[in-house]
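See structure below.
The values are calculated or read from the model by the stated rules, or taken from the named source; none is laboratory data. Just so we're clear, the structure is a prediction, and the values are computed from it rather than from any experiment. Please note: Cβ atoms are built from the backbone with ideal geometry, for glycine as well, and neighbour counts cover all protein chains shown.
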Amino acid sequence: MKTLLLYPEFPDTFWSFKHALRFIRKKSHSPPLGLLTIAAMLPSEWEIRLVDLNISNLTEQDLAWADCAFISAMAVQRKSVEQLVDRCNKAGITIVAGGPLFTCEHEQFSDIDHFVLNEGELTLPPFLEDFQNGRAGRLYQAKDFADIRLTPAPRWELPDLKKYASMSIQFSRGCPFQCEFCNVTALLGHKIRTKTTAQIIAELDTLYAGKWRASIFFVDDNFIGNKRYLKEDLLPALIAWRKDKPRITFFTEASINLADDEELMRLMAEAGFDTVFIGIETPEEASLNECNKKQNQNRDLVADVKKIHRAGIQVQGGFIVGFDNDTPSIFQKQLDLIQNSGIVTAMVGMLQALPGTRLYRRLQDEDRLLGKNTGNNVAADTNIIPVMGLEILQDGYKTLLNNIYAPEYYYARVKTFLRGYNPPKIKTRFSLQHKMAYLRALLHLGIIGKDRLQYWKLIGWTLFHRPRLMPQAVTLAIYGYHFAKICRKGI
């Protein structure tokens, strides 16, 4: 069976890092981990080609070669999905689809032959058995959750690793919290399921043997869901593994209660975790209560973020406006929180209702849904009818984004971060690729860039106050260039 693994194109969004990637001459942020894992579950005799539309084009020769195509996607990739499905249908190729978009909205795609939904470890084997025996059905679903200690390692030989800025690895699935707007628990459950440390080290060894020497993203929705296992097993193993691999760094996602555990932060930093994405959401206590974000309530969020920064881990933050309890004052409150905390990478989105969430069901009952969610985190739109009024929400949101990524606000935030950031003193070597990126930044941001005055003020300040953090300062300047472009486009 000749099989295409198709990964749809991402539009130009906040997390695409498209404009930043140009500085390091990379095509995409990371390869499609889900498809590479599915590839490891397909029959060994099948011929497989990976076509990541973020890296290369799907050619007519690819379509003529293939018998079937497996597509995995998220909501933000919807437009590319529709184009791929049309091309595959015209070529007479059997289409098999899975992943978050289809798990939540498979009814919207009538031109797809088979849906293998939920977790592939459970739904792919029965589909393959039926498919090979000529009796495959259209829909394969599972109510249970997989034991990921049995999940095979991704087939890292399929992608061209040199085209990507980072790699991905998964340690756990699930989240112990129950935030109303989040679909993680709907897709993956509340119980934290983990791979073994041996599995993780084996996957890292494979990447290292493939000459990977840069950042690796632990894609877990809440990496710290099982703190005891992290502290007693995985993190000590990662510290030992990374001792002779100084160019490898890690980043992940976690909840704000990371700030409560000094030992965990220390171990993560020592293991090479230099960045963590945290859903901060809002400084409005009534809105946190509304969305059941209990882990964020009754906290000094600014102090918590700065505590994580002092531990040597940069916080990237997610923020939301448009909760029922939000008033027009929320936009200034969000700006103050973001600026005072020094969260440089601040993703602010308008509240959207995702299928399968408690928020979606509540607003459906209240007749307040407007259609499909876009999955675009910085677009001035929403699929809900907000209490404050759509026009007020959109105008306030646009003003907030304009402020956050205006040069004076952005560079001031970088300085706030650098003042409090205290990374461990671990010897790090920078690749030629990153050195060239810094030279391109010097040319593009420092010489011909319209914000060059702000750039040089940051460089000068860093040189005199935090010279050891110069690489971080330049990297964040590059990120700011991307974010400013995205926000101007989104609003």
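Quick check, is Ala73 at pLDDT 95 or above, in contact with a Gly (Cβ under 7 Å, 6 or more places away or on another chain), within 26 Å of Gln170 (Cβ to Cβ) and among the small types (Gly, Ala, Ser)?
Spelling it out, Ala73 is indeed at pLDDT 95 or above, in contact with a Gly (Cβ under 7 Å, 6 or more places away or on another chain), within 26 Å of Gln170 (Cβ to Cβ) and among the small types (Gly, Ala, Ser).
Checking the structure you have, find out if any residue of the range 405-420 is of a type in the set (Val, Ile, Thr), touching a helix residue (DSSP H, G or I) at 6+ places or on another chain (Cβ under 6 Å) and in a helix (DSSP H, G or I).
yes
Among the residues of the range 443-478, how many are in a loop (DSSP other than H, G, I, E, B) and within 17 Å of Arg413 (Cα to Cα)? Working first, answer last.
In the first step, residues of the range 443-478 are kept if they are in a loop (DSSP other than H, G, I, E, B); the result is 445-451, 466.
Narrowing the set further to residues that are within 17 Å of Arg413 (Cα to Cα) leaves 451, 466.
So the count comes out to 2.
Report whether or not Leu418 is aliphatic (A, V, I, L, M), on the phi < 0 side of the Ramachandran plot and modelled with pLDDT under 95. Talk me through it step by step, then tell me what you get.
Working: aliphatic (A, V, I, L, M): yes; on the phi < 0 side of the Ramachandran plot: yes; modelled with pLDDT under 95: no.
Here the answer is no, as Leu418 does not meet what is asked.
Answer yes or no as to whether Thr382 is in contact (Cβ under 8 Å) with a residue 12 or more places away in the chain, of a type in the set (Val, Ile, Thr) and in a helix (DSSP H, G or I).
For Thr382, the condition - in contact (Cβ under 8 Å) with a residue 12 or more places away in the chain, of a type in the set (Val, Ile, Thr) and in a helix (DSSP H, G or I) - is not met.
Within the range 243-277, how many residues turn out to be in a loop (DSSP other than H, G, I, E, B) and more than 18 Å from Ile192 (Cβ to Cβ)?
Number satisfying all stated conditions: 8.
Which residue, of Val184, Val219, is under 30 Å from Phe323 (Cα atoms), hydrophobic (A, V, I, L, M, F, W, C) and at pLDDT below 95?
Within the list Val184, Val219, the selection yields Val184.
Under the condition of being among the aliphatic types (A, V, I, L, M) and either assigned to a helix (DSSP H, G or I) or crowded, with 22+ Cβ neighbours inside 10 Å (or both), which residue from the range 217-238 is farthest from the chain's Cα centre (by Cα)?
Ala237
Tell me which of these Gln83 doesn't satisfy, since it passes every other one: (1) within 19 Å of Leu158 (Cα to Cα); (2) of a type outside the set (Val, Ile, Thr); (3) surrounded by fewer than 19 Cβ atoms within 10 Å (Cβ to Cβ).
(1)
Going by the structure shown, is Leu351 free of Cβ contacts under 8 Å to residues at least 40 places away in the same chain and out of contact with any helix residue (DSSP H, G or I) (no Cβ under 7 Å at 6 or more places or on another chain)?
When the stated conditions are applied, Leu351 does not pass them.
Quick check, is Ala198 in the same structural domain as Gln295 (by TED's automatic domain parsing), part of a helix (DSSP H, G or I), out of contact with any helix residue (DSSP H, G or I) (no Cβ under 7 Å at 6 or more places or on another chain) and farther than 18 Å from Gly34 by Cβ?
Taking the combined requirement at face value, the residue satisfies it.
Could you say which residue among Arg452, Arg413 is of a type in the set (Lys, Arg) and more than 28 Å from Thr327 (Cα to Cα)?
Going through Arg452, Arg413 in turn, just one is of a type in the set (Lys, Arg) and more than 28 Å from Thr327 (Cα to Cα): Arg452.
Mind counting the residues in the range 119-157 that are of a type in the set (S, T, N, Q) and farther than 23 Å from Thr185 by Cα?
So the count comes out to 2.
When residues of the range 320-376 are filtered for being farther than 19 Å from Val76 by Cβ and assigned to a helix (DSSP H, G or I), how many remain?
18
Taking Val85 and the conditions (1) over 29 Å from Lys191 (Cβ atoms); (2) hydrophobic (A, V, I, L, M, F, W, C); (3) over 25 Å from the mean Cα position of the chain (by Cα); (4) part of a helix (DSSP H, G or I), which numbered condition does it fall short on, given that it satisfies the others?
Of everything listed in (1) over 29 Å from Lys191 (Cβ atoms); (2) hydrophobic (A, V, I, L, M, F, W, C); (3) over 25 Å from the mean Cα position of the chain (by Cα); (4) part of a helix (DSSP H, G or I), Val85 misses just condition (3).
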